[in-house]
Amino acid sequence: MKVSREQAARNRETVVDTASRLFRARGVEGVGIGEVMRECGLTHGGFYNQFDSKEALAAEACAASLARSVARWGEVVAETGEGDASKAIAANYLSPRNRDAPETGCALIALGPDAARRGGDLGGAFRQGFEELTNILQQSTPDMTREDALARMAQMVGAMVLARGVADMVLSDEILVAVRKAMGVGA
């Protein structure tokens, strides 16, 4: 049965969104194409009508996730107005909500190791999203240099990786509080 172009576009968007969520939750290696397609209510064979490979899907899913983060950070900056919007971004980012929901959290936290190991288009999508987020952070605060923005990005992403990875909620909370405090965000 042939589907319309509009339906094919909706199907592709559903596959990308589903893969993005699953990849952030379990990594690219931890998710099979069959699982993504089943979760979308589509056939495994339909995948190859939309994508050349799992690598192509991973890159597109990473790019889509990071584009949503860019939009969200832009909204935070717009809502904060004049002042130090980087603190508002950090307060939102360094949260238990972000820590506890990897499937909806930042792709930088979840897909960094995959981007490093796989490189290619996934690495390129990761880098582009990272650059865009870093630029927003730098532009969000008067007098913030690129070096400052890179350091803050490393603090935030590193803190979240550690907070998720320690498997001890008390220590995890301590990490988030310590980094929030170090960034002038408060507890």
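The values are calculated or read from the model by the stated rules, or taken from the named source; none is laboratory data. Everything quoted here is computed from the prediction, not taken from an experiment. Neighbour counts run over all protein chains shown; Cβ positions are idealised from the backbone, glycine included. Areas reflect the complete protein model, heavy atoms only, side chains present, ligands, DNA and RNA absent. Shrake-Rupley method; radii C 1.70, N 1.55, O 1.52, S 1.80 Å.
Nearest 0.05, what FRET efficiency do Glu103 and Ala182 give at R0 = 45 Å with Cβ-Cβ as r?
Numbers: r = 28 Å, r/R0 = 0.61.
After rounding, the FRET efficiency stands at 0.95.
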- Fully extended contour minus Cα-Cα distance, from Arg68 to Ala167, at 0.36 nm per residue: 32.9 nm
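Got a number for carbon plus sulfur as a percent of the chain's accessible area, 1.4 Å probe? It would help to have the intermediate numbers written out before the result.
Working: 5180 of 9720 Å².
About 53 percent, which is the carbon plus sulfur part of the accessible surface.
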- State log₁₀ I(q)/I(0) for region 125-164 at q = 0.27 Å⁻¹ as given by the Debye formula over alpha-carbon point scatterers of equal weight, solvent excluded. -0.90
- Task: Take every Cα pair under 8 Å in the chain that's 6+ residues apart, average their separations, divide by the length, and report that relative contact order as a whole percent.
- Result: 24
- Item | In order through region 12-28: 3J(HN,Hα) via Karplus (6.51 cos²θ - 1.76 cosθ + 1.60), integer Hz, x for Gly, Pro | 4, 4, 5, 5, 4, 5, 5, 4, 4, 5, 5, 5, 5, 6, 10, x, 5
- How large is ³J(HN,Hα) for each residue in region 105-112, as worked out from phi by the Karplus curve 6.51 cos²θ - 1.76 cosθ + 1.60 (θ = phi - 60°), to whole Hz, x for Gly and Pro? x, 5, 5, 4, 5, 7, 9, x
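So what's the net charge close to Arg68: Lys and Arg +1, Asp and Glu -1, counting the other residues with Cβ under 14 Å from its Cβ?
Surrounding charge for Arg68 is -3.
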- Query: GNM, the chain, Cα, under 10 Å: largest mean-square fluctuation among Val76, Val157, Val170?
  - Reply: Val170
- How large is the helix-only mean residue ellipticity at 222 nm for the chain, computed as the sum of -39500 (n - 2.57) over DSSP H runs with n ≥ 4, divided by its residue count, in deg cm²/dmol to the nearest 500? -25000 deg cm²/dmol
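Taking loop as defined by DSSP and a crowding limit of 13 other beta carbons within 10 Å, which GluC sites (Glu not before Pro) in region 30-131 fit?
Details: sites: Glu35, Glu39, Glu55, Glu60, Glu75, Glu79, Glu82, Glu103, Glu131; in loops: Glu82, Glu103.
Filter output for region 30-131: Glu82, Glu103.
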- Query: Could you state the per residue volume, in Å³, of the convex hull enclosing the Cα atoms of region 19-76?
  - Reply: 84
- Message: I'd like the per residue volume of the convex hull spanned by the Cα atoms of the chain, given in cubic angstrom.
- Response: 120
- Using a Förster distance of 25 Å, how high is the FRET efficiency between Leu150 and Asn92, based on the Cβ-Cβ distance and rounded to 0.05? 0.85
